[in-house]
Structures are given as C-alpha cells and as structure tokens.
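Q: Here's a structure for you.
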Amino acid sequence: MEKLESIIFYSIDKAIRTYRQYAQNQLKQHGFEMTIDQWIVLKCILENPEITQSEIAEKVFKDNASVTRIISLLIKAKHLSKRTMRSNRRRVVLTITPQGIETLKGMEQIVLKNRSKALEGISQQEIELVKNVMVKMAANCE
C-alpha cells in the first residue's frame, strides 16, 4: 500500500490547507477579523454583482447552508447588505457596503503578499503547468 505522503491529492490538500492557515494568520496579524471564506464570498459578489446565493455556493465550492452563514456574518459585520427584489420577492440582491469595499481594499496588499510568499521560488512556467494539470484533473472528474 502506498504511503499517504506519496499520494498527489494528499500533497494538494496539504498545500491548500497550509496556505489557508498562513493567509488567515497574516490577515489576523494585520487586524482583519474576516475569514478567508468570507473574503472569497465578498470577492465573488464584487466580481458578479447580479449573482444569486446558489451561484455563489457553486463558484466558491460551498454548500448553500455554509454560504447562508457566511452571508449572515458579512451582513452582521456591515460588509454586505441585502434586499428583496420588488419584481421577484423570492430573489435577494446582495450589495457590498462602502465598509465592505474599504475592507477588501485594505486586505488587498496582504492577500497579494500571501500569494507571493506561497509562490516564492516557483517560476511562471511551473505555475502554468500546475494550473493546466489542475484543470485537467477537474475535467476528468466532472
């Protein structure tokens, strides 16, 4: 039986988890209480203003219940607001507040430094290779 450390998916998961812990710690050290998952949801809404909650869940690889909790926390923290559409009362419109925009802007340099640290010593060619491999792996499993 092969060793756990020799399985590529173990290495991928370890890299992602280690990076997320590092990134979360960096944000906290700089005074940001927002989690990586909250940042991802907020960034997703920023990039897709008309997006529905189920579409957010799909884009950020979370279940609807998790996205609902994250959105509630972002609303409570005043980073996000929601209102019901007049034309379709079952549909909610999520809007990033000015405070949410400021928080995203404030976090931007830290996020870029985190990525830079994680990619230290890795060439652009290696990054492209890994991206291509990940896309192929995902396509194989769809």
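Q: Go through region 29-66 residue by residue and tally those that are over 24 Å from residue 110 (Cα atoms) and of a type in the set (A, V, I, L, M).
A: Summing the residues that are over 24 Å from residue 110 (Cα atoms) and of a type in the set (A, V, I, L, M) in region 29-66 gives 3.
Q: Oh, and also: Residue under question is residue 116, and the condition is that it be modelled with pLDDT of 95 or more and either surrounded by fewer than 12 Cβ atoms within 10 Å (Cβ to Cβ) or assigned to a strand (DSSP E or B) (or both); does it hold?
A: When the stated conditions are applied, residue 116 passes them.
Q: Taking only region 76-94 into account, find how many residues are in contact with a Leu (Cβ under 9 Å, 6 or more places away or on another chain) and either modelled with pLDDT of 95 or more or surrounded by 12 or more Cβ atoms within 10 Å (Cβ to Cβ) (or both).
A: The qualifying residues number 5.
Q: Taking region 47-67 only, how many residues are part of a helix (DSSP H, G or I) and either open to solvent by less than 60 Å² (accessible area, probe 1.4 Å) or of a type in the set (Lys, Arg) (or both)?
A: 8
Q: Show the residue pairs meeting these rules: Cβ distance below 7 Å; 6+ apart or different chains; first residue within region 120-137 and more than 15 Å from residue 12 (Cβ to Cβ) and acidic (Asp, Glu); second residue open to solvent by less than 90 Å² (accessible area, probe 1.4 Å) and modelled with pLDDT of 95 or more.
A: Within 7 Å, no pair qualifies.
Q: Now, a different point. Any residue that is under 29 Å from residue 113 (Cβ atoms) and assigned to a helix (DSSP H, G or I) - is there at least one of those in region 75-85?
A: Within region 75-85, one or more residues are under 29 Å from residue 113 (Cβ atoms) and assigned to a helix (DSSP H, G or I).
Q: What number goes with the only condition from (1) part of a helix (DSSP H, G or I); (2) out of contact with any Cys (no Cβ under 8 Å at 6 or more places or on another chain); (3) modelled with pLDDT of 95 or more; (4) of a type outside the set (A, V, I, L, M, F, W, C) that residue 121 does not pass?
A: (1)
Q: Related question: Six or more apart or on different chains, Cβ atoms under 8 Å: show the pairs whose first residue is in region 61-76 and farther than 16 Å from residue 95 by Cα and whose second is in a helix (DSSP H, G or I) and among the small types (Gly, Ala, Ser).
A: 63/57; 64/54; 64/57; 66/57
Q: Of the residues 38, 26, which is touching a His at 6+ places or on another chain (Cβ under 8 Å) and closer than 30 Å to residue 8 by Cβ?
A: 38
Q: Let me ask you something else. Cβ-Cβ under 6 Å, sequence separation 6+ or interchain: first residue in region 25-46 and open to solvent by 30 Å² or more (accessible area, probe 1.4 Å), partner β-branched (Val, Ile, Thr) and part of a helix (DSSP H, G or I). Which pairs?
A: Listed by first residue and then by second, the contacts come to 26/110; 30/110; 37/70; 40/60.
The values are calculated or read from the model by the stated rules, or taken from the named source; none is laboratory data. Just so it is clear, the structure is predicted and the values come from calculations on it, not from any experiment. In this analysis, Cβ positions are derived from the backbone assuming ideal geometry, glycine residues included, and neighbour counts consider all displayed protein chains. With ligands, DNA and RNA removed, areas are computed over all heavy atoms of the protein, side chains included. Shrake-Rupley method; radii C 1.70, N 1.55, O 1.52, S 1.80 Å.
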